[in-house]
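Below is one structure, written out as structure tokens; comments come after it.
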Amino acid sequence: MAAARPALGRVLPGSSMLFLCDMQEKFRHVVYFRQIVSVAARMLKVARLLNVPTVLTEQYPQGLGPTVPELGAQGLQPHSKTCFSMVPVVQQELDARPQLRSVLLCGLETQACILQTALDLLDRGLQVHVVVDACTSRSQVDRLVALSRMRQSGAFLSTSEGLILQLMGDAAHPQFKEEAPGQSVTLSGRSRQGGPRRQIIRHDPW
């Protein structure tokens, strides 16, 4: 009998969902917050272009404040929560999508809400793609260990660029010019078009 084929982690618009976790005002002091919000905003833009459903949560907004406006999520209704995992408060959205196979996960903190959300989604049999350049923590030790922990549990560690190209699938895609690789968020210096590049997290989760 042939061995079971491991999950390949393919990401397709019709069977994916974007999770945006707790990018709120009181977290502005967290290291790399500005950068991960910028990357998450790009993921949200692509999700809208490709009709990928998106959910947004806020952790105890009475104390931690609303979602920051630069995420560009004003059209989304945030789900308020106190539990660390996003899954209990978005249960209805998950149940309404029987075709769902993959969740793309952005936000903070990596060792708390991102980790527990990923484990709950994996427990439901879903493939989880942690967008590593869109996740952060107050402690980068916590962040790196949490990324390793999620990978051990079966989550895929991906970059925003890699996931966007998977979702597009083809340079002939009608939306490709909107989010061409040359417009991507990069580490430092100048973009391929000559404009300033935005900085992202330099990470080595392995």
Practice task
Being open to solvent by less than 10 Å² (accessible area, probe 1.4 Å) and closer than 18 Å to ALA7 by Cβ is the filter; apply it to the range 95-116 and report the residue that is farthest from the chain's Cα centre (by Cα).
Solution key: SER102
Problem - Qualifying positions in the range 19-34 - open to solvent by 20 Å² or more (accessible area, probe 1.4 Å), under 19 Å from ALA112 (Cβ atoms) and not in a loop (DSSP other than H, G, I, E, B) - result: GLU25, LYS26, PHE27
Completion exercise
With the first residue restricted to the range 153-164 and required to be farther than 20 Å from PRO13 by Cβ and open to solvent by 30 Å² or more (accessible area, probe 1.4 Å), and the second required to be assigned to a helix (DSSP H, G or I) and not aromatic (Phe, Trp, Tyr), Cβ contacts under 7 Å at 6 or more apart or on different chains are SER153/LEU119; SER153/LEU122; GLY154/LEU122; LEU157/LEU147; LEU157/ARG151
Handout entry: Single unsatisfied condition, GLN62 versus (1) in contact (Cβ under 8 Å) with a residue 12 or more places away in the chain; (2) open to solvent by 20 Å² or more (accessible area, probe 1.4 Å)
Key = (1)
Practice task
Could you tell me whether any residue of the range 77-84 is among the polar types (S, T, N, Q) and in contact (Cβ under 8 Å) with a residue 40 or more places away in the chain?
Solution key: no
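The values are calculated or read from the model by the stated rules, or taken from the named source; none is laboratory data. Keep in mind that this is a model prediction, so the values were computed, not measured. Every residue, glycine among them, receives a Cβ derived from its backbone with ideal geometry; neighbour counts consider all protein chains shown. Surface accessibility is based on the protein's heavy atoms, side chains included, excluding ligands, DNA and RNA. Shrake-Rupley method; radii C 1.70, N 1.55, O 1.52, S 1.80 Å.
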